[in-house]
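*Asks:* Got a structure here, written out as structure tokens. Questions coming.
The values are calculated or read from the model by the stated rules, or taken from the named source; none is laboratory data. From a predicted model like this one, the values you see are computed outputs, not experimental measurements. Every residue, glycine as well, gets a Cβ built from its backbone with ideal geometry; the counts of neighbours run over all protein chains shown. Note: areas computed on protein heavy atoms with side chains; ligands, DNA, RNA excluded. Shrake-Rupley method; radii C 1.70, N 1.55, O 1.52, S 1.80 Å.
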Amino acid sequence: MSETQTDTAAPIDGKGYWKEVIRLTLALLAIWFLASFGAGILFREVLDSVNIGGAPLGFWFAQNGAIYIFVALIFYYCFAMNRIERKYRIEG
Amino acid sequence: MDWTIFWVASTFAVYIGIAIWARAGSTNDFYVAGHGVHPVVNGMATAADWMSAASFLSMAGLIAVLGYGGSVYLMGWTGGYVLLALLLAPFLREFGKFTVPDFVGDRYYSDTARLVAVICALFVSFTYIAGQMSGVGIAFSRFLGVDFNTGIFIGMGIVFIYAVLGGMKGVTYTQVAQYVVLIFAYTVPAIFISLMLTGNPIPQLGFLSNIKGEDVSMIQKLSDTLTSLGFAEYTTTDKTTFDVFCITAALMFGTAGLPHVIIRFFTVPRARDARLSAGWALVFIALLYTVAPAVGAFSRLNVIETVNETTYVAPGEAYEAEAAALAAEGITPSPDWFARWEATNLVGFEDKNGDGAMQIRGPNAPDGLANEVTINNDIAVLASPEIAQLPDWVVGLMVAGGLAAALSTAAGLLMVISSAISHDLCRRTFFKGMSDKSELRVARLAAAGAVVAAGFMGIYSAQLAFVAQVVAFAFGLAAASLFPVILLGIFWKRMNREGAIASMLTGLIPTFLYIWHFKLGAGKDAGPDEWFLGVSPEGIGFVVMIASILVGVGVSLATRAPPQEIQDLVEDIRVPGRRSPHGGGDADMAPAE
């Protein structure tokens, strides 16, 4: 465990970068939680009083809606991370 | 039958062709496909790796029976990818080694931690793989008239060729082919059933549409039909909200902690490819997972409408003549697909009231009649092409699709088992001076040994009671023992060796004992009243995971902080490109040639 090497040529603000990554991650995890555990489980009965097409909304979130939101979350994460990495001149 | 043989034989030929083309030349090729897999390709391979025989054959039927209760699988087995993308995959890729125990051992500067992680990884993978192999045996024995054991041997032979020859490289490209086979087999019948029932060709939209030609939605009609027959309403469950929460969480965190899923993200070139790859994996998985609830609901409604109260006609040569005679008298005969599947024992009829008609009834049937029709969950998918009256060649494709799903998952698990033995146990723990060439040879031997072991576990799975409960075990253990140490290892620099070992053991032992007790042991017949906090064995992994995190943090704080070089390592994997210019980090594992 000695091969860790740091790039001294280009000083990168690792701390600032990490802070922004954490903020983004927490925001996206909040949406992740609300879409699945929130809409699909905890608030299902409330949402079920509304219909989306022919299905109760909470039921739909649990069986379809949450999955669409998961996909969107990951692609947004990729997009936002690339932006942050450009800002901090980080090349993965 | 002929089409089934055609599809199975030609897909197998493709897999073998890929295996010969993608031979591995180094351990780097063998474990991580040379870190050279395109993110979209890896996404597709991950989807096939992930979706097992259970996802392909059984999930839609399970949802059809459970209704809303089936949502735990849909959310649990997809939501885990958000955790993988945001919390684990890019950082583990940046770490740049080959296996999950690699990370645990290096991050926690301890061979003991590495060993505990190896035990977790092996246990999870072996239980999981036995189910896949017995799935292969069932597919062969039911649909190709081959003996169950012979079927497993054929499956073992195929996986042997591409996993032993090609390692991760061979597995990756066969998984891509297997994904194409399984998604085609799954969605084509779904599109036609959706069209038939709702007039909308997109199953996800048909799921929300009205029944064709009627002013009632499909879901509403299904719920009404079910309640009129004495079943529970489709959009409810008898589980408590808390239990549903815990099961969903255990499946999500378990998905993120499963070694055979994690190692797929080691095969892409950089951390950002790992993130993108998780997104593509979920797209390819969602193609099946958003269709599954539609298939489940359609088939439940369709089976009731076409079977209930029809007059039973026995399967056999005389079926067509008898059915036609009944129809001429204005009596509806039982459908021909029912007769055909009766031969495989996946559906059954017992005329309890002796009226010759088939009654489907729930536990609270208003007319007091008993249920006479048994239908295996797998029918929802397997019989879908026949129910939609698709040509025979589509019917045959379903078996090839099921085999593709089982074999791709088995191969991914084999890679975990072989790398845990050759890399983590031999190279990193017991024979540290081993050369790359001999490690590659050991890896091939370990893969070969694992194929044989998995085959025998599949053959004896009927006697090994725990195989049927593999889902609860694998996900519970992955969530409670592996997920916390990886997560804390990345996001909390202060986490140390003592904390990691304590956390893994806290996750492993109580989860194992709880599931064992309530699934196989003395508490097998116990109800929710006896469960801890009312949490079912499927959901206990989440509760133990919380405990495991608390123990890990507590023990770490009470003992010495990890050495400075480890803290530096953690900082480095957080920032892409730091660990090495090209995110490799495996300069000490250079290819043999």
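*Asks:* Could you give each residue of the range B:356-369 its phi-based ³J(HN,Hα) in whole Hz, using Karplus coefficients 6.51, -1.76, 1.60 with θ = phi - 60°, and x for Gly or Pro?
*Replies:* Running phi through 6.51 cos²θ - 1.76 cosθ + 1.60 with θ = phi - 60° gives x, 9, 9, 9, 9, 9, x, x, 10, 4, x, 8, x, 6 Hz.
*Asks:* Right, next: Thinking of the range A:16-88 as a set of Cα atoms, what percent of all their pairs are more than 16 Å apart?
*Replies:* Working: 1424 of 2628 pairs.
Looking at the range A:16-88, the distances longer than 16 Å represent 54 percent of pairs.
*Asks:* What percent does the relative contact order of the range A:16-88 come to when contacts are Cα pairs within less than 8 Å and at least six residues apart?
*Replies:* Numbers: 53 pairs, mean separation 25.8, N = 73.
Computed value for the range A:16-88: 35 percent relative contact order.
*Asks:* Let me ask another. Output the peptides B:430-443, B:93-106 sorted from most to least packed, where packing is the average of other Cβ atoms within 10 Å over each peptide's residues. Working shown, then result.
*Replies:* Values: B:430-443: 15.5, B:93-106: 25.6.
Output ranking for B:430-443, B:93-106: B:93-106, B:430-443.
*Asks:* Then there's this: Any chance you could give the angle, 0 to 90 degrees and rounded to 10, that helix A:14-33 forms with the longest Cα principal axis of chain A?
*Replies:* Compared with the principal axis, the helix lies near 10 degrees.
*Asks:* Across peptide A:13-22, what mean number of C-beta atoms from other chains lies inside 10 Å of a residue's C-beta?
*Replies:* On the way: counts 1, 5, 3, 0, 3, 4, 0, 0, 4, 2.
That average works out to 2.
*Asks:* A further question follows. Please compute, for peptide B:71-79, the average count of beta-carbon atoms on other protein chains lying within 10 Å of each residue's beta-carbon. Show your work: numbers first, answer last.
*Replies:* Values: counts 12, 3, 1, 7, 12, 1, 1, 7, 11.
Partner Cβ neighbours, averaged per residue: 6.
*Asks:* In addition: Please turn the phi angles of the range B:511-522 into ³J(HN,Hα) values with the Karplus equation 6.51 cos²θ - 1.76 cosθ + 1.60 (θ = phi - 60°), one per residue in order, whole Hz, x for glycine and proline.
*Replies:* These are the phi-based 3J(HN,Hα) values: 4, 4, 5, 5, 5, 4, 4, 8, 9, 10, x, 5 Hz.
*Asks:* Let me ask you something else. Across peptide B:260-272, how many C-beta atoms of other chains are within 10 Å of each residue C-beta, on average? Mind dumping the intermediate values first?
*Replies:* Working: counts 0, 0, 0, 0, 0, 0, 0, 0, 0, 1, 2, 4, 7.
So the per-residue partner count for this stretch is 1.
*Asks:* Right, another one. Checking the cross-link filter: which lysines have an alpha carbon closer than 21 Å to that of B:K437, excluding same-chain neighbours under 8 positions apart?
*Replies:* Partners found: B:K97, B:K169.
*Asks:* Given R₀ = 25 Å, FRET efficiency for B:D2-B:Y460 by Cβ-Cβ distance, to 0.05? Intermediate values should be presented prior to the final figure.
*Replies:* On the way: r = 32 Å, r/R0 = 1.29.
The formula returns an efficiency of 0.20 here.
*Asks:* Tell me the net charge near B:G348. Cut-off is 10 Å between Cβ atoms, B:G348 excluded, with +1 for each Lys or Arg and -1 for each Asp or Glu. Before the final figure, lay out each step's value.
*Replies:* Numbers: positive: none; negative: B:E342, B:E350, B:E372.
That works out to -3.
*Asks:* Let me know the shape class of the range B:177-274, please: from the alpha-carbon gyration tensor, a ≥ b ≥ c as square roots of the eigenvalues, rounded when a/c is under 1.5, otherwise prolate if a/b is greater than b/c, or oblate. Working shown, then result.
*Replies:* On the way: a/c = 3.34, a/b = 1.48, b/c = 2.25.
Because a/c hits 1.5 or more and a/b fails to exceed b/c, the range B:177-274 counts as oblate.
*Asks:* In degrees from 0 to 90, rounded to the nearest 10, what is the angle of the helix B:148-198 Cα long axis to the longest principal axis of chain B?
*Replies:* For helix B:148-198, the angle is close to 40 degrees.
*Asks:* In what sequence, highest mean first, do B:317-324, B:206-213, B:134-141 appear when ranked by Cβ atoms within 10 angstrom?
*Replies:* B:134-141, B:206-213, B:317-324
*Asks:* Under unit Cβ charges (Lys, Arg +1; Asp, Glu -1), what dipole magnitude, rounded to 20 debye, does the range A:16-88 have relative to its Cα centre? Intermediate values should be presented prior to the final figure.
*Replies:* Numbers: 6 positive and 4 negative charges, 81 e Å.
Here the range A:16-88 has a charge dipole of around 400 debye.
*Asks:* Treating cross-link reach as a plain straight distance, find the lysines whose alpha-carbon is under 16 Å from the alpha-carbon of A:K87, omitting any fewer than eight places away in the same chain.
*Replies:* Filter leaves A:K15, A:K19.
*Asks:* Could you give the angle, 0 to 90 degrees to the nearest 10, between helix A:66-87's Cα long axis and the longest principal axis of the Cα atoms of chain A?
*Replies:* Roughly 20 degrees, rounded to the nearest 10.
*Asks:* Hey, can you rank B:191-199, B:339-347 by average C-beta count inside 10 Å, highest first?
*Replies:* On the way: B:191-199: 20.1, B:339-347: 16.7.
Going by the mean number of other Cβ atoms within 10 Å, highest first, we get B:191-199, B:339-347.
*Asks:* Shifting gears a bit: Quickly estimate the mean residue ellipticity at 222 nm for chain A, helices only: each DSSP H run with n ≥ 4 gives -39500 (n - 2.57), and the total goes over all residues, rounded to 500.
*Replies:* -17000 deg cm²/dmol
*Asks:* Rounded, prolate or oblate for the protein assembly as shown? Axes are the square roots of the Cα gyration tensor eigenvalues, ordered a ≥ b ≥ c, and the cut-off for rounded is a/c under 1.5. Let's see the in-between values first.
*Replies:* Numbers: a/c = 1.93, a/b = 1.59, b/c = 1.21.
Prolate.
*Asks:* Using amide H atoms built 1.01 Å from N in the peptide plane, name the residues 5+ places from A:I52, or on other chains, whose amide H lies under 5 Å from its own.
*Replies:* Amide H neighbours of A:I52: A:L57.
*Asks:* Residues of the range A:16-88: accessible area per residue at 1.4 Å, in Å²? Let's see the in-between values first.
*Replies:* Working: 3150 Å² over 73 residues.
I get 43 Å² per residue for this part.
*Asks:* Let me ask another. Please compute the per residue accessible area over chain B with all protein chains in place, 1.4 Å probe, rounded to a whole number of Å².
*Replies:* Working: 19890 Å² over 593 residues.
Spelled out: the 1.4 Å probe surface of chain B, per residue, equals 34 Å².
*Asks:* With a 1.4 Å probe and every protein chain kept in, tell me what percent of the accessible surface of the protein assembly as shown is carbon plus sulfur.
*Replies:* Working: 15500 of 24600 Å².
Carbon and sulfur: 63 percent of the exposed surface of the protein assembly as shown.
*Asks:* Can you tell me the relative contact order of chain B? Whole percent, Cα pairs under 8 Å, sequence separation 6 or more. Let's see the in-between values first.
*Replies:* Working: 1101 pairs, mean separation 169.9, N = 593.
This gives 29 percent for chain B.
*Asks:* For the interface of chains A and B, what total accessible area is buried with a 1.4 Å probe, rounded to the nearest 100 Å²?
*Replies:* Details: alone 7250 and 22220 Å², together 24600 Å².
That pair hides around 4900 Å² of surface in total.
*Asks:* Find out how many positive minus negative residues lie around A:F59, taking Lys and Arg as positive, Asp and Glu as negative, among other residues whose Cβ is under 14 Å from that of A:F59. Walk me through the numbers on the way to the answer.
*Replies:* On the way: positive: A:R44; negative: A:E45, A:D48, B:E233.
Result for the neighbourhood of A:F59: -2.
*Asks:* Between B:A365 and B:F184, what FRET efficiency follows from the Cβ-Cβ distance if R0 is 60 Å, with the result rounded to 0.05?
*Replies:* Efficiency computed from Cβ-Cβ geometry: 0.95.
*Asks:* Please give the calculated 222 nm ellipticity per residue for chain B, where each DSSP H segment of at least 4 residues contributes -39500 (n - 2.57) and the sum is spread over every residue; nearest 500 deg cm²/dmol?
*Replies:* Details: 26 runs with 372 residues, N = 593.
Rounded to the nearest 500, it is -20500 deg cm²/dmol.
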